[in-house]
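The structure appears below as structure tokens.
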Amino acid sequence: MKTIPSLMFIGGFLGAGKTTAIRALGKILKRRGISTAAITNDQSDGLVDTAFLADNGFSTQEVAGSCFCCNFDGLLQAITKNIESIHPDIILAEPVGSCTDLVATVIRPMLDKMNNKVNTLAFSVLVEPQRWVELVDNYDDEISSVKFLFDKQLEEADFIVITKSDTLTMDELNKLLKEVRSKYPGTEVHSISAKEGIGLEKWVDLIQVTPPGEKWLKEIDYDEYAKAEADIGWLNAQLFVKFPEPVDGNTFSVKMVDNIKSRVAELNGHIGNLKILVVGRNESVKCGTSHAESKPLLENRFADSIDNVNVTINVRATLSPGDLSSILSGTVDYIKKKDQAEASILYLNTFRPAPPNPTYRYDQYD
Ligand SMILES: Nc1nc2c(ncn2[C@@H]2O[C@H](COP(=O)(O)OP(=O)(O)OP(=O)(O)O)[C@@H](O)[C@H]2O)c(=O)[nH]1
Ligand SMILES: [Mg+2]
């Protein structure tokens, strides 16, 4: 008989690489004979991450409509469904990238209430090197809300994971590790490249021996937190695109992300994450970028041309919902013109997150 599953929360700012890491961990653990399931989370439905993980063979449950902390019961239901459906050894759960105070509102309540159902592991907070440079080394206080969320996330981490190590030289990586360790001296710091499959096994091994939930935020101003989250606008949308003749789906995906990205920049928006999932007849690709300066990256590639596709689009950027809607209309017009394609918006939801109102908050020593 199986023992209770472990529950590993993988947090970190928008675009830090959480979903990519979950997919990579799933593959590595499978090779060790360890089964995994995933839980995704968003303030709204229409999530690229859920579809992407499901397309990659994950048993995935989604908590949509509010974050884990504000819908603790939804999180419990997702855990139960995962356990009932595939009895995984490890459940990998990804909280919303703009959320913080997760240790007091999710990890510690989980340790207290669900101890007999899941073994909650130490809380990992993922950090993208480019975001560290932007928010720590070259910080410009125009994006103080983003900085507030990022700093709070790191303050409560049991375990800090530098992601995308493949984008750094060895010297750059060592310098960054040193800097992070000196800023967060009591926290385990490790680096991975989910793309190259580096550092993942060590992360899983270290996480098992790191005590969970020790560094909950002793101070957080919820008004400031609400304001910081609401500075970021969200767009979740779905399009149907039909081309007059088959086109290269990889080029289409990259151009579409580039087009949205340049429209965000024209409006002086700051990208948290921008990602699309393009689903053709038998294949799908994810394409995205988490910075204006970076080229869109493709995960998976279309082997064949595409003739009609469904595209799920998620944009998180420091722009108003109205601006995000007009960006999408502009990109739809661009697709219609450029490829003489038919393009229709099947679903659109733009909003700013509502103020966080956690189900529980454990802020005392037990
Ligand atoms: N070079 C490189 N890129 C990566 C790696 N991991 C993730 N990325 C890219 O970083 C971007 C963001 O990755 P995601 O996994 O979607 O990040 P996330 O933290 O789940 O983002 P949100 O759910 O939107 O908060 C994508 O374009 C990925 O392709 C990595 O190890 N190396
Ligand atoms: Mg994600």
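The values are calculated or read from the model by the stated rules, or taken from the named source; none is laboratory data. What you are looking at is a predicted structure, and each value in this text was computed from that prediction instead of being measured. Note that we place each Cβ from the backbone using ideal geometry, even for glycine, and neighbour counts take in every protein chain shown. Only protein heavy atoms, including side chains, enter the accessible area calculation; ligands, DNA and RNA are left aside. Shrake-Rupley method; radii C 1.70, N 1.55, O 1.52, S 1.80 Å.
Numbers below:
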{"read-out": "Sparse-neighbour loop sites [trypsin sites (Lys or Arg not before Pro); the range 1-95; at most 11 other C-beta within 10 Å; DSSP]", "value": "Lys2, Arg32"}
{"read-out": "Probe 1.4 Å - accessible area at Asp333, Å² to nearest ten", "value": "80"}
{"read-out": "Antiparallel bridges, percent of DSSP beta bridges restricted to the range 54-210 (to nearest 5)", "value": "10"}
{"read-out": "Summed residue charge, Cβ within 15 Å of Phe351's Cβ, Lys/Arg positive, Asp/Glu negative", "value": "-3"}
{"read-out": "Cα-based shape type of the range 185-286, given that a ≥ b ≥ c are square roots of the gyration tensor eigenvalues and the cut on a/c is 1.5", "value": "oblate"}
{"read-out": "For Phe159, residues with placed amide H under 5 Å, excluding near neighbours", "value": "Phe123, Val125"}
{"read-out": "About the Cα centre, charge dipole magnitude for the chain (Lys/Arg +1, Asp/Glu -1 at Cβ), debye", "value": "860"}
{"read-out": "Percent breakdown of C-alpha pair distances by 20 Å bin, ordered from the shortest bin, for the chain", "value": "30, 60, 10, 0"}
{"read-out": "On Cα atoms only, tilt of 249-266 relative to the major axis of the chain in degrees", "value": "80"}
{"read-out": "Over the chain, relative contact order from alpha-carbon pairs under 8 Å, at least 6 apart, %", "value": "21"}
{"read-out": "Among Leu75, Leu346, Leu235, residue whose mean-square fluctuation peaks in a GNM of the chain (springs only between Cα atoms under 10 Å)", "value": "Leu346"}
{"read-out": "Charge sum, other residues only, whose C-beta stays under 10 Å from Leu29's C-beta, Lys/Arg counted +1 and Asp/Glu -1", "value": "+2"}
{"read-out": "Using θ = phi - 60° and Karplus 6.51 cos²θ - 1.76 cosθ + 1.60, couplings along the range 309-323 (whole Hz; Gly, Pro as x)", "value": "9, 9, 10, 9, 10, 10, 10, 10, 8, 7, 9, 6, x, x, 4"}
{"read-out": "Protein accessible area in the range 155-246, 1.4 Å probe - carbon and sulfur %", "value": "51"}
{"read-out": "Linear extension gain, Asp45 paired with Ala292, 0.36 nm per residue minus alpha-carbon span", "value": "86.4 nm"}
{"read-out": "Gyration tensor verdict on the range 53-121 (Cα atoms; rounded if a/c is under 1.5, prolate if a/b is larger than b/c, oblate otherwise)", "value": "oblate"}
{"read-out": "Loop chymotrypsin sites (Phe, Trp or Tyr not before Pro), the range 92-200, which have at most 15 other Cβ atoms in a 10 Å radius of their Cβ (DSSP)", "value": "Tyr139"}
{"read-out": "Between helix 72-86 and the chain: long-axis angle, C-alpha atoms, 0 to 90°, nearest 10", "value": "80"}
{"read-out": "FRET efficiency, Ala265 to Glu84 (Cβ-Cβ, R0 56 Å, nearest 0.05)", "value": "0.80"}
{"read-out": "Full-stretch length increase - Asp304, Met170 - with 0.36 nm per residue and alpha-carbon distance subtracted", "value": "44.5 nm"}
{"read-out": "Neighbour net charge for Gly280 - beta-carbon separation under 9 angstrom, K R +1, D E -1", "value": "-2"}
{"read-out": "Accessible surface, per residue, of the chain when the full set of protein chains is kept, probe 1.4 Å, Å²", "value": "42"}
{"read-out": "Potential lengthening between Lys338 and Lys113 on full extension [0.36 nm per residue; Cα-Cα distance subtracted]", "value": "75.5 nm"}
